[in-house]
Amino acid sequence: MATIDVEEVRRLSDLHPKPALIRFQYGTAGFRTLGNTLDSVLFRVGIIAGLRSKKLDGKTIGVMVTASHNPEPDNGVKLVDPRGEMLESSWETHATTFSNAATTEDFLFVLDAFVKTAKIDLSKPARVVYARDTRPSGPALVSAFEDGLKAIGAEGRDAGVTTTPILHYLVRSINTKGTKDAYGEDSEQGYFAKLSEAFKKLVAGRATPPPLVIDCANGVGAPAAAKLSGLVKENLLLVLENTSTTTPGALNNSCGADYVKTAQKLPPSLASKLNAGQRGCSLDGDADRLMYFYIDEGGKFHMLDGDKIAALVAAFIVELVKTAGLEGQLNIGVVQTAYANGASTKYLAERLPVKCVPTGVKHLHHAAEHYDIGVYFEANGHGTVLFSPTSQDKLTTYEPSTPAQSTALTHLINLMQLINQTVGDALSDMLLVEVVLAHKSYSGVEWDSLYADLPNRLVKVVVADRTIFKTQDAERQLVSPPGLQKKIDEIVQRYDGGRSFVRPSGTEDVVRVYAESIFRPQADELAFRIAGLVYDETGGDPAQRPKEFM
Ligand code: 16G
Ligand code: MG
């Protein structure tokens, strides 16, 4: 189609009217809000995905319908660029503009103007692969989205109900098929085969560890983990819990990676499922975040979060590169955000370069691309490892001179296959952790003792207007409201090993306050002092003033 079929777009758009009074925004994780308000957004995302594909000469674009760790009534949608990474940010703005056109006529106007200014050649083909998580609102939203594809004449491939990282994998596999960068077979089966084969090679000959309990958050991670379980069972026994994907309201409810990280507690549903010392982990609702944990002999809960995963994995990779004889030839670095526990940053910085970037996967991913091997993890459990084209070439052409070098090199090559390099992937990361634990003969206890987390506290503050909060230095300093940072600094310096920062949330209408200190009561006190300060300085409903020492 060389022009837009205006009649067809009008007819279909009329079936998906925009609700009045709602302003949509393509935020850090795409569009995300109550599922029953998103019909028009999904229709228009279908159109923008088609246009993005045309703009990129028919390359396949991905679309994922999910609201991740949010409760079940929420839903959302995000676009994936051809190499399996997040949508280029200038298009986030276009997506926002599309979603807010008030009527079909306004939308037709915006569409026509965009095609002209973005110089989109409508005669190009458009291809889109899409998937959804297990939310009940998913099927209707997917059908609105398919109307969008139809309206713009895009070819759609339905990947069904699957995890976010699998959708990213599919996008990259489809676009690299038959090239020297071929990423894998473009099917869910191809994904599981790639991961499980690499895993089996990496743990061959190692002792089988005690079974790993997986909290699937009652989401799409459950069917995915079940498929993986069958493929790796000879080397690793997976015990799946919280797999009720059809029980209303169960998704992410008192379970899942976000619950564990926020509450710093074991999901109550796992209380009788985990023996002392046994490893457990939680996925989030779309299986792109991972939290490990164990209960010690005294019944105490120990959380092994994204920072602990980064420490474990980065140290292991540094060691392998050294053993392979490649030290100094590959620059390895770690990327974190300000939420990384200070003790993890210290541990890592003693071993390799560490960079701090603003919150959000795209920032971490882009920063990690600057290294030959870039390890990135958010404390919340989202992360992966990127191997640059240079390092991939080096690893595949390098000629080791000793058997030890050769073994280490083979491990590195298998790690490149095991790791989902498109985006953080709970299942791939879980296998990665299990590989390192098996190689080091670590239980959760030894892993946990790499460093001791500094006590920390995260507090939400409801303020009148969070848009007045502006940050710099990777969100560690406030520049607005003016003068507030100075007051924060004055309080922080009174605490031993104190650190605190304030940033507006990108996903909720709140300001977040993070604080840490070397003692638990001080970390709590510091967090509430700063939260109180922020609240008092910027005004808000007295009923919402942060309560001290919860
Ligand atoms: C989103 C981000 C995540 C970030 C979180 C912060 C993606 C795919 N996800 O979930 O990386 O940690 O937002 O939320 O980028 P906040 O801005 O509300 O603190
Ligand atoms: Mg998620």
Considering only region 1-14, I want to know if a residue exists there that is on the phi > 0 side of the Ramachandran plot and at pLDDT 95 or above. no
Scan region 329-336 and tell me whether some residue there is assigned to a helix (DSSP H, G or I), away from ligand 1 (no atom under 12 Å from the Cβ), touching a helix residue (DSSP H, G or I) at 6+ places or on another chain (Cβ under 9 Å) and of a type in the set (V, I, T). no
Would you say A257 is within 16 Å of ligand 2 (Cβ to nearest atom), surrounded by 15 or more Cβ atoms within 10 Å (Cβ to Cβ) and on the phi > 0 side of the Ramachandran plot? no
Report whether or not L320 is surrounded by fewer than 22 Cβ atoms within 10 Å (Cβ to Cβ), among the hydrophobic types (A, V, I, L, M, F, W, C) and not in a helix (DSSP H, G or I). no
Strands (runs of 3 or more DSSP E) contained in region 474-549 and holding at least 2 residues within 16 Å of ligand 1 (Cβ to nearest atom) and crowded, with 20+ Cβ neighbours inside 10 Å: 499-504, 511-516
Filter region 281-307 for residues that are within 16 Å of ligand 1 (Cβ to nearest atom) and part of a loop (DSSP other than H, G, I, E, B); the one that is nearest to T337 (Cα to Cα) is D305
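One line per residue, one yes/no per condition, for (1) surrounded by fewer than 21 Cβ atoms within 10 Å (Cβ to Cβ); (2) in contact with a helix residue (DSSP H, G or I) (Cβ under 9 Å, 6 or more places away or on another chain); (3) not assigned by TED's automatic domain parsing to the domain that holds K261:
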{"site": "L38", "(1), (2), (3)": "no, yes, yes"}
{"site": "I48", "(1), (2), (3)": "no, yes, yes"}
{"site": "E72", "(1), (2), (3)": "no, yes, yes"}
{"site": "R83", "(1), (2), (3)": "yes, yes, yes"}
{"site": "S90", "(1), (2), (3)": "yes, no, yes"}
One residue is enough: does region 52-66 have a residue meeting the conditions among the small types (G, A, S), under 22 Å from the mean Cα position of the chain (by Cα) and within 18 Å of G138 (Cα to Cα)? yes
Tell me, yes or no, whether region 50-66 has at least one residue that is surrounded by fewer than 22 Cβ atoms within 10 Å (Cβ to Cβ) and either of a type in the set (D, E) or within 16 Å of ligand 2 (Cβ to nearest atom) (or both). yes
Residues that are under 27 Å from A182 (Cα atoms): find the helices (runs of 4 or more DSSP H) completely inside region 339-410 holding 2 or more of those. 361-368, 389-397
Note on G138: of the conditions (1) away from ligand 1 (no atom under 16 Å from the Cβ); (2) touching a Leu at 6+ places or on another chain (Cβ under 9 Å), unmet is (2)
Inspect region 360-370 for any residue being in contact with a helix residue (DSSP H, G or I) (Cβ under 6 Å, 6 or more places away or on another chain) and either in contact (Cβ under 8 Å) with a residue 40 or more places away in the chain or not small (G, A, S) (or both) and give the result as yes or no. no
Residues of region 429-467 classified as farther than 14 Å from V203 by Cα, modelled with pLDDT of 95 or more and in a helix (DSSP H, G or I), total: 6
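The values are calculated or read from the model by the stated rules, or taken from the named source; none is laboratory data. Since we're looking at a predicted model, the values are computed, not measured. Positions of Cβ are generated from backbone atoms using ideal geometry, with glycine treated the same way; all protein chains shown enter the neighbour counts.
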